[in-house]
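Mind looking over this structure? Questions follow.
Computed from the coordinates by the stated procedures, all read-outs in this text should not be read as laboratory data. Please read all numbers here as calculations on a predicted model, not as lab measurements. As a convention, Cβ positions derive from the backbone with ideal geometry for all residues, glycine included, and neighbour counts pool all protein chains shown.
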Amino acid sequence: MSSFLSKNYEKLVPYVPGEQVNTKVIKLNTNESPFPPSPKVLQALSEDVINRLNLYSDPELKELRSAIAEQFSVTPDMVFCGNGSDDVLAFAIMGFCGHGGSLACPEISYGFYPVYADIFGVELEQIPLKDDFSINAEDYTGINKNIVIANPNAPTGLVLSNDEVEKIVSSNPDNLVIIDEAYMAFCGKGCSELIKKYKNLLVVRTFSKSHSLAGLRVGFGIADKEIIADLNKLKYSFNPYNINTLSIKAAAAAIADNDYYDDKIARIVEVREKTIAELRALGFNCTESKANFIFASSDKISAGELYARLREKGILVRHFSKPKIENYLRITVGAAQDMETLVSAIKEITEG
Ligand code: PMP
């Protein structure tokens, strides 16, 4: 640490992303899609678009917000876009909870929430999960705090129903409820329809998982237009051009290609179910994950050791050395063949 860093940030513990590697490994550690993006993405990145990179990107993101609005049957003024959904979450937590405001989130969830709470001076309450790792919606009803919940939750993959989400949103009318639907495309439509009924709901989505565009860095939030106006006020006070022109074009083309992505999502779900069944047959305890990852533990081997042994075999998965989940691995659902290799490797390691 240099002597120049502000005292406010001395104790900051940053989020630790999953490893990105250049060597040839089976990469099941960051919930990326095994499929390339829609071919429409490449078509959208024409020479003409490149030749206009001398100009700033559109700060209003008109093309992208319209394309997203159409998919979710809302108006463009109900859509905010960010440089990945992390950017959207950061603006929201800064703007609605920062400087001493409140935020409640599940104790086991996306590791970035506590980091944002820390950097923006938020009073964070981390609410324990039930013993089976599910979220008890009752714990969030009428708590009079801002709330962020990943649905499906990460790294457990467990889902709250829209009725449960509605109970949380309707019982906290004076606070913002952020539902982070990074993985929702792998199990349902999500709760964005509730936005027309509730002014305190912000639904956050990403192109990184279901739309095979983690490297593009585009995410978005959908909410009542006043919330979106607030987010834009923050954006224009910090980084007006938060999405580059190539990403705008690529994401707008991708989100319209439902046929392509419906097929890829269905294939991932099929492989998820097959792999969960195979791991259970090997004696693993797997949650009913509805995301594009599996959350699994075995009595035969500690998760830490299994992580290391898989790594030696060139298979990268994610292990969190965190109380309550230190004996679980989070395994991204990859290509069918890679998942077969994973199951064989696990079999070899655990059964010798
Ligand atoms: N929310 C959750 C629950 C996630 O797991 C992730 C990915 N690590 C994100 C948000 C952020 O994704 P991105 O910034 O790539 O949109």
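Regarding the stretch 282-295, can at least one residue be identified that is closer than 19 Å to Pro34 by Cα, out of contact with any Asp or Glu (no Cβ under 6 Å at 6 or more places or on another chain) and free of Cβ contacts under 8 Å to residues at least 60 places away in the same chain?
The answer is no, given that none of the residues of the stretch 282-295 is closer than 19 Å to Pro34 by Cα, out of contact with any Asp or Glu (no Cβ under 6 Å at 6 or more places or on another chain) and free of Cβ contacts under 8 Å to residues at least 60 places away in the same chain.
Right, something else. Select from the stretch 141-170 the residues that are touching a residue at least 12 places away in the same chain (Cβ under 8 Å) and in a helix (DSSP H, G or I) and write down the one among them that is farthest from the ligand (Cβ to nearest atom).
Of everything passing the filter in the stretch 141-170, Ser170 is farthest from the ligand (Cβ to nearest atom).
Report, by residue number, each residue of the stretch 171-180 that is part of a loop (DSSP other than H, G, I, E, B), touching a Ser or Thr at 6+ places or on another chain (Cβ under 8 Å) and closer than 20 Å to Tyr110 by Cα.
none
Additional query: Can you confirm whether Val49 is within 14 Å of the ligand (Cβ to nearest atom), among the aliphatic types (A, V, I, L, M) and either part of a helix (DSSP H, G or I) or surrounded by fewer than 14 Cβ atoms within 10 Å (Cβ to Cβ) (or both)?
The answer is no for Val49.
Ok, one more. Within the stretch 100-110, is even one residue touching a Lys or Arg at 6+ places or on another chain (Cβ under 7 Å), touching a residue at least 12 places away in the same chain (Cβ under 8 Å) and of a type in the set (D, E, K, R)?
No, the stretch 100-110 contains no residue that is touching a Lys or Arg at 6+ places or on another chain (Cβ under 7 Å), touching a residue at least 12 places away in the same chain (Cβ under 8 Å) and of a type in the set (D, E, K, R).
Which number in (1) away from the ligand (no atom under 16 Å from the Cβ); (2) in contact with a helix residue (DSSP H, G or I) (Cβ under 8 Å, 6 or more places away or on another chain); (3) part of a loop (DSSP other than H, G, I, E, B) marks the one condition that His99 misses?
(2)
Among the residues of the stretch 171-212, which ones are without any contact (Cβ under 8 Å) to a residue 60 or more places away in the chain, farther than 23 Å from Tyr261 by Cα and in contact with a Cys (Cβ under 8 Å, 6 or more places away or on another chain)?
Leu201
Quickly run through the stretch 53-91 and pick out the residues that are touching a Phe, Trp or Tyr at 6+ places or on another chain (Cβ under 6 Å), within 14 Å of the ligand (Cβ to nearest atom) and not in a helix (DSSP H, G or I).
Cys81
Before we move on, is Ile243 crowded, with 22+ Cβ neighbours inside 10 Å, of a type outside the set (Gly, Ala, Ser) and either within 21 Å of the chain's Cα centre (by Cα) or outside any helix (DSSP H, G or I) (or both)?
For Ile243, the condition - crowded, with 22+ Cβ neighbours inside 10 Å, of a type outside the set (Gly, Ala, Ser) and either within 21 Å of the chain's Cα centre (by Cα) or outside any helix (DSSP H, G or I) (or both) - is met.
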